[in-house]
Each structure stands twice: as structure tokens, then as C-alpha cells.
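For reference, the structure is listed below as C-alpha cells.
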Amino acid sequence: MATNPTAAEQLPVTIDDVRAAHLRIASSIVRTPTFISKTLSQLTGAAVYLKFENLQFTAAYKERGALNTLMQLNPQTKGVIAASAGNHAQGLAYHAHRLGIPATIVMPTNTPTVKVTQTEGHHANVVLHGETFDAAYAHARELEGERGYTFVHPFDDVRVIAGQGTVAIEMLEDVPDIDTFITPIGGGGLISGMAVVARAFSEEKGGKPIEVIGVEAELFPSMYNRINGTDMPCAGDTLAEGIAVKEPGVITSGMVRQLVDDIVLVSERSLEEAVSLLLQIEKTVVEGAGAAGLAALLQHPDRFRGKTVGVILCGGNIDTRLLANVLLRDLARSGRLARLRIRLQDQPGALFNVARIFDQQRVNIIEIYHQRVFTTLPAKGLITDIECETRDRAHLDRLMTALTDAGYEASPVELA
């Protein structure tokens with residue numbers, strides 16, 4: 001990867017394009033901060049700088065590319081149309097309405113409700129069609145032809161790529177010492193634009209090249225497949241639906257091949273942990289795709305240890321119910337929330353006696369589930385599931401030891 005390092009002039013998007021985009025859109029977007037995270041730096045062994053693109057008005061970086069494109073359209077356009085899982089939709093709808101341009105957005109039917117309602121809140125006409133981005137995309141192209149709209153691609157457009165690259169300009173202006181970008185990849189628009197900037201800044205400073213590392217969810221390794229010639233499946237219910245793209249762009253694939261140094265894959269568990277950590281440590285809400293950069297740091301620490309890393313928190317539009325599930329699952333994995341399955345005798349005082357042990361260990365009981373019928377135990381036996389709250393894993397271990405010492409058969413109900 002990152003082949004032909006002297007071919008910058010052959011790229012469809014240049015550093016001049018990105019700089020022009022930055023001048024064009026600067027007055028209408030939020031210049032989001034780039035802050036070091038001391039805690040995450042200690043945790044990962046890298047100097048971690050976070051770019052808070054979740055603080056854009058629509059809570060995602062996608063505003064940049066959408067606005068850069070809208071500002072270059074023919075003034076006589078009948079309207080714009082796009083296919084999007086959410087963030088491109090909101091960015092395009094918001095700025096189109098602000099500029100007085102009608103917008104229609106085609107979304108997959110399984111798009112999180114928060115993204116649908118927020119897009120409609122920006123005065124766009126939302127059409128739900130198909131279960132995947134590809135189905136929504138095909139329908140949007142049909143409507144484009146039928147109604148004479150201008151299609152604005154979420155990633156495979158040089159104007160969009162240039163707009164997304166403005167993220168890197170701001171990061172390097174704020175923190176010139178960044179030597180590695182860790183960037184989520186869906187269709188490839190963001191990483192393509194950022195890689196153009198990384199190469200140009202490296203050449204202008206005459207120093208060591210800035211490394212550009214892409215991140216994809218293990219369930220959707222589409223760009224990884226394209227670049228590495230692999231054929232891993234792209235399917236599944238990923239937390240990072242914002243980068244769940246089955247087919248990356250044609251333009252972006254070529255740029256990634258030339259400019260990007262590596263692509264790493266991250267698990268759903270790492271994505272969940274990253275979302276939870278960002279809320280706990282940085283007090284900031286991100287969606288799964290927005291946490292992909294931190295997930296890469298957590299899952300591949302040796303790859304980034306000792307580096308000065310720029311991580312883009314590219315979006316914050318996550319369904320609140322999903323966020324609650326992620327946080328509760330993280331509490332369970334850390335031992336602060338547990339469900340214990342305990343075998344008891346069906347006789348008076350059985351539950352009282354086991355509850356005394358929880359009291360002695362200062363463990364808070366949240367819920368109790370008695371099961372007498374649907375069990376393989378003898379008729380005089382029962383299974384009790386007790387959900388409880390502990391301080392940490394060591395506290396939970398002490399409770400388990402106390403239950404065992406008291407003669408109870410107890411086991412934790414583990415998460416996947």
C-alpha cells in the first residue's frame with residue numbers, strides 16, 4: 001500500500017483542492033477542537049489526540065464534503081438527492097436547506113430512528129428503501145433520473161473527498177507533531193482526503209511521512225478486501241453502521257491504494273469498549289463508526305505504541321437505547337454488573353439466606369429471577385438468577401468465593 005510516492009500530481013484530488021475547500025466552507029462549519037487525551041494516552045502507550053467532529057452541528061464530519069459540493073453546484077439545479085445511512089444525509093440536508101436547495105434522501109429501512117428523524121428535522125424529504133446502502137443507492141439513482149435531481153455521492157466524488165480532507169488540515173495546524181492518522185473507512189472519502197493532506201504536509205516539512213492507517217469493522221472489510229485482494233464476507237449487524245459499506249468507491253479505492261499505509265480491522269467488542277471509554281473518560285458521545293479509531297488503538301496497541309496519533313471522532317449520532325445497551329454490556333464485562341445463577345433448595349428461608357451473603361459482601365441486588373418449572377433440577381430444587389452491582393471484578397470475585405464457601409453452586413451468566 002501507499003505505492004508510488006512521487007505521483008501526488010496524478011491524484012484526482014490535490015492538496016490545493018482541499019485547501020480551496022477549506023476556504024470555501026470554513027465560515028459555515030464548526031472548527032472542532034483537537035485535544036490530547038492524557039488518560040487514553042496512558043492506557044494505550046501512544047500520545048492520543050482526539051478531533052471532536054461529533055461537535056459539528058449535525059454531529060458528524062460529513063457536513064464538510066456535502067457543503068463543499070453544494071457550493072459548487074449549478075444555481076439552476078432542481079434539487080439534490082443522496083443515499084445515506086445517516087450522517088451524509090444530515091449534513092447534506094442541513095446545508096441544502098440553509099442554501100435554499102431542495103433535498104431528498106434515500107435511506108435503508110434499518111437506519112437508526114434518531115438519524116431518520118434528525119434528517120427530516122433538517123427539512124429533507126426522506127425515502128426509506130431497501131435493507132442495505134446498496135439498495136438505497138440504486139433507488140436514489142433511479143429517482144435522480146426520474147426527477148432531474150443532482151446526485152451527491154456520500155464518498156466517491158472529488159468535491160466530497162476534498163471537503164472531508166479539511167479535517168486533516170485543521171488537525172495538523174493544531175498539532176503539527178502528529179505522525180499517524182487513524183481513520184475510519186466506509187466508502188473511503190474521509191481517509192482519501194486526509195491522506196492527501198498528510199502527504200502534502202510531510203513533503204512541505206521535508207520530514208518523516210505522516211502514516212495513514214485505515215480502520216474497518218471486521219464484519220465489513222470492504223476496502224481491506226479491495227486493496228489486499230481478499231474475499232472476506234461483508235455482512236452482519238455491526239455497531240459501526242456508519243462504515244458498513246459493502247462496496248467502496250472507485251475513486252477512493254485508487255487513492256487509498258496510493259496513499260494509505262495500512263488497514264486494520266476491529267471487532268464488535270472493541271467498538272463497544274471504545275464507545276464506552278469515550279463516554280466515561282472524555283465525557284463525549286460517539287457512534288460506533290466514530291469510535292473506530294480508538295477501537296484500533298485498543299485492539300492493536302503494539303501497532304501504535306510510542307506514536308503521536310490523531311484520531312477522528314467522526315460522528316456522534318447513536319440511538320440512545322443502543323448506547324444504553326453498550327454501556328450496560330461494558331459494565332457486565334468489567335465485573336461491575338453481573339448476573340449470577342445460583343442453585344437453591346425450594347424451602348422457606350433459602351432466598352433470605354443467600355441474600356444475606358450479598359449483604360455481608362456489600363453487593364447491591366438489582367433483580368431476582370426465580371425459576372422452578374423450566375429447569376432440569378429435581379422438583380425440590382430451583383434456579384435463581386440474581387442481577388447485582390459490584391465495585392469491580394475483584395469485588396465480584398470475593399462474592400463468588402463467599403457463595404462457594406457457604407455451599408452454594410453459583411456461576412456467572414457470561415456475555416459473548
Review point. Within region 67-89, which residues are among the β-branched types (Val, Ile, Thr) and either open to solvent by 10 Å² or more (accessible area, probe 1.4 Å) or part of a helix (DSSP H, G or I) (or both)?
Key: THR69, THR77
Point to revise | region 128-152: number of residues that are within 20 Å of the chain's Cα centre (by Cα) and within 24 Å of GLN76 (Cβ to Cβ) | key: 0
Review point. Across region 90-124, what is the number of residues that are buried (at least 24 other Cβ atoms within 10 Å of the Cβ) and among the β-branched types (Val, Ile, Thr)?
Key: 3
Point to revise | Test for GLY306: is it of a type outside the set (Asp, Glu), in a loop (DSSP other than H, G, I, E, B) and open to solvent by less than 40 Å² (accessible area, probe 1.4 Å) | key: no
Exercise for review: Please find, within region 385-416, the residue that is most open to solvent (accessible area, probe 1.4 Å) out of those that are under 16 Å from ASN364 (Cα atoms) and assigned to a strand (DSSP E or B).
Suggested key: GLU389
Practice item. Starting from region 267-292, take each residue that is closer than 22 Å to THR34 by Cβ and list its partners that are hydroxyl-bearing (Ser, Thr, Tyr) and assigned to a helix (DSSP H, G or I), counting only C-beta distances under 9 angstrom and pairs at least six apart or across chains. Key: LEU277/THR39; ILE281/THR39; GLU282/THR39; ALA291/SER270; ALA291/SER276; ALA292/SER270
Point to revise | In region 46-64, the residues that are open to solvent by less than 40 Å² (accessible area, probe 1.4 Å), assigned to a loop (DSSP other than H, G, I, E, B) and not aliphatic (A, V, I, L, M) | key: PHE52, GLN56, THR58, TYR61, LYS62
Exercise for review: Take region 1-45 and flag every residue that is open to solvent by 50 Å² or more (accessible area, probe 1.4 Å), among the hydroxyl-bearing types (Ser, Thr, Tyr), touching a helix residue (DSSP H, G or I) at 6+ places or on another chain (Cβ under 8 Å) and modelled with pLDDT of 95 or more.
Suggested key: THR39
**Study point:** Residue list for region 211-264, filter: free of Cβ contacts under 8 Å to residues at least 40 places away in the same chain and either among the charged types (D, E, K, R) or in a loop (DSSP other than H, G, I, E, B) (or both)
**Key:** PHE220, ARG226, GLY229, THR230, ASP231, MET232, PRO233, CYS234, ALA235, GLY236, ASP237
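The values are calculated or read from the model by the stated rules, or taken from the named source; none is laboratory data. What you see is a predicted model, and the numbers here were worked out from it, not measured in a lab. Here the Cβ is made from the backbone with ideal geometry for all residues, glycine too, and neighbour counts use every protein chain on show. Only protein heavy atoms, including side chains, enter the accessible area calculation; ligands, DNA and RNA are left aside. Shrake-Rupley method; radii C 1.70, N 1.55, O 1.52, S 1.80 Å.
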